[in-house]
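These notes concern the structure reproduced below.
The values are calculated or read from the model by the stated rules, or taken from the named source; none is laboratory data. Model, not experiment: these values are computed from the prediction. Reconstructed Cβ throughout: ideal geometry from the backbone, glycine too, with neighbour counts over all protein chains shown. Each accessible area value is taken on the protein alone, full model and side chains, heavy atoms only, with ligands, DNA and RNA left out. Shrake-Rupley method; radii C 1.70, N 1.55, O 1.52, S 1.80 Å.
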Amino acid sequence: MRMDQALLEIGPSQLLVALGFIVLGAATSLVHGLGLERDLFWGTLRTFAQLFVMGYVLTLIFRVRHPGPVLAFYGVMILSAAWIIRSRVSERAVAFFLPTLASMLAGYFVITYVVTAFVVGVQPWWRPQYFLPLGGMVIGNSMNAVAIALERLFGELRRRRGDVEMLLSLGADYKEASAETFRAAIKAGMIPSINAMMGVGIVFLPGMMTGQILAGADPLVAIRYQIVVMLMLVGSTTLGTLLVVWLVRRRCFGPKHELLLR
Amino acid sequence: MGSEPGGPILAAPVLQCIDLRLTLPDGRPLFQGLCLDILPGQYLQIVGPSGCGKTTLLRMLAAFERPEAGTILWNGTPLEDVPGPVLRSSVIYVAQTPGMVAGTVHTNLLVPFGFRSHRNRPQPSPQEIRHLLDRMGMKDVALDRSVQDLSAGQRHRLAVLRALLLHPQVLLLDEPMSALDRESQASVESMLEAVRVQEATSIVLVSHQEPVRKRPDAVLRMHLGRLVPEGGHENGPGSS
């Protein structure tokens, strides 16, 4: 159901006005010597470039009407997210990129498929107008969860190395010796999406709902979508962190179940 | 299998190091063809200055580290062919600063019995544990006392006892006496001796100090990346 007011278009001049916010950030950085001007410049440039490219690519994909391009695009989004996680997580002693990518591909596809096919009930389930925005939200939010969970896994294993090795030296296998760290890492990954459910609608209005309302949708329809999204994000962060931590944890130990992190 | 206390040791080695080599990241050679035989029921002490590789050797025997070259055999089988948890349920390493899980003395002593590798092993009763704690000179330590309240020496004795409860084939002890007073040292010595005699448990103890046991089967000194008998030459007891 659409409301009376249609979506107002944003033209080039309005985009220029919005750039004033970046000028504010750059000025603050200059005045206080924060050294963020370069990052602000590249960040702004990338925001424009990436979103414009995304807009054109999505337009193309919407026209093709075939699951192939939709799934390929979704795969590229996940690959990019896995790459960002790789650069964000500082650990270099453990090769975690491939298990992270594999877990994200498997876990996020399942969640997005369940939401589009069974919760929203889109026909066909891969319809790009639904599959890609919903999948994008899954990836974007769970990417942070996975990064947090991996940081916690590596950090805790290093910090608790003495305790982990004590358990190993008494005959524990790597799973038994790292059970507490495993739980801590999964919990760290899940907490942000649970906290988001606590604050949604009170502390902030989430992006999807805001977008739908701006596009003229009935707020009561928009909130239902948002509820689905919030629940979906709990599912995707849970499945994402669980799979990633489960696979990467094994790589923190050698063939004799010896801890490789020093 | 096993040996009479003080008598000749005839059995095959439980653990055998053959020509181990290891170079430190700074290029300094740590082990240069190190050889060692650990026999059933043998009480072996390895001495040497800090940084000479004593701890690394114990960690290698427990498969926490790997040599660049050479072989370690456990009951004749190369360590590469033995799953880590299987090895460590029989060859138990007690670190210089042993870790504890949060909880009581009793909880800590029973931790290993929850592991798959010890699941079929009967748990000792609280009475048995009490008796063993007393023998370790810990009469004043209640089973329900938090390990947070224990001294470093008490924690170390607790760690040794936790390992002994698993009836290991080999016990690898890293500086076990460093945090103990003379009386506690004597209690631990006596307990280790009893286990060695009754269960043919091999005990390998490393220390940077002088030999702690009055009559060891062998005292070996780490010298230029090899083990040599203290005050003697290579090929003495223990070093093959």
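Condition check ((1) in contact with a strand residue (DSSP E or B) (Cβ under 6 Å, 6 or more places away or on another chain); (2) open to solvent by 10 Å² or more (accessible area, probe 1.4 Å)) across all residues:
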{"site": "B:GLN42", "(1), (2)": "yes, no"}
{"site": "B:PRO49", "(1), (2)": "no, yes"}
{"site": "B:PHE64", "(1), (2)": "no, no"}
{"site": "B:LEU73", "(1), (2)": "yes, yes"}
{"site": "B:GLY76", "(1), (2)": "no, yes"}
{"site": "B:ALA102", "(1), (2)": "no, yes"}
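B:ASP144 satisfies every condition listed in (1) under 18 Å from B:THR97 (Cα atoms); (2) touching a residue at least 40 places away in the same chain (Cβ under 8 Å) except (1). For region B:23-32, the condition holds for no residue, the condition being that it is closer than 22 Å to B:ARG121 by Cα, within 13 Å of chain A (Cβ to nearest Cβ) and open to solvent by 20 Å² or more (accessible area, probe 1.4 Å).
Does at least one position in region A:174-195 carry a residue that is within 30 Å of B:PRO112 (Cα to Cα), in a loop (DSSP other than H, G, I, E, B), without any contact (Cβ under 8 Å) to a residue 24 or more places away in the chain and open to solvent by less than 30 Å² (accessible area, probe 1.4 Å)? No, because not a single residue in region A:174-195 is within 30 Å of B:PRO112 (Cα to Cα), in a loop (DSSP other than H, G, I, E, B), without any contact (Cβ under 8 Å) to a residue 24 or more places away in the chain and open to solvent by less than 30 Å² (accessible area, probe 1.4 Å). Among the criteria (1) free of Cβ contacts under 8 Å to residues at least 40 places away in the same chain; (2) over 25 Å from A:GLU151 (Cβ atoms), the one A:ASP218 does not fulfil is (1).
Would a scan of region A:212-226 turn up a residue that is more than 14 Å from chain B (Cβ to nearest Cβ), in a loop (DSSP other than H, G, I, E, B) and open to solvent by 20 Å² or more (accessible area, probe 1.4 Å)? The answer is yes, given that some residue of region A:212-226 is more than 14 Å from chain B (Cβ to nearest Cβ), in a loop (DSSP other than H, G, I, E, B) and open to solvent by 20 Å² or more (accessible area, probe 1.4 Å).
For region A:15-73, taking the residues that are in contact (Cβ under 8 Å) with a residue 24 or more places away in the chain and either polar (S, T, N, Q) or in a loop (DSSP other than H, G, I, E, B) (or both), the one that is nearest to A:TRP126 (Cα to Cα) is identified as A:THR44.
Residue-wise test of (1) over 24 Å from A:PRO206 (Cβ atoms); (2) away from chain B (no Cβ under 14 Å); (3) in contact with a Gly (Cβ under 7 Å, 6 or more places away or on another chain); (4) open to solvent by 10 Å² or more (accessible area, probe 1.4 Å).
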site	(1), (2), (3), (4)
A:VAL89	yes, yes, no, no
A:LEU98	yes, yes, no, yes
A:VAL110	no, yes, no, yes
A:ALA117	no, yes, no, yes
A:PRO128	no, yes, no, no
A:LEU153	yes, yes, no, no
A:ASP163	yes, no, yes, yes
A:LEU170	yes, no, no, no
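Residue count for region B:114-144 under the criterion of being open to solvent by 70 Å² or more (accessible area, probe 1.4 Å) and either polar (S, T, N, Q) or away from every other protein chain (no Cβ under 14 Å) (or both): the result is 10.
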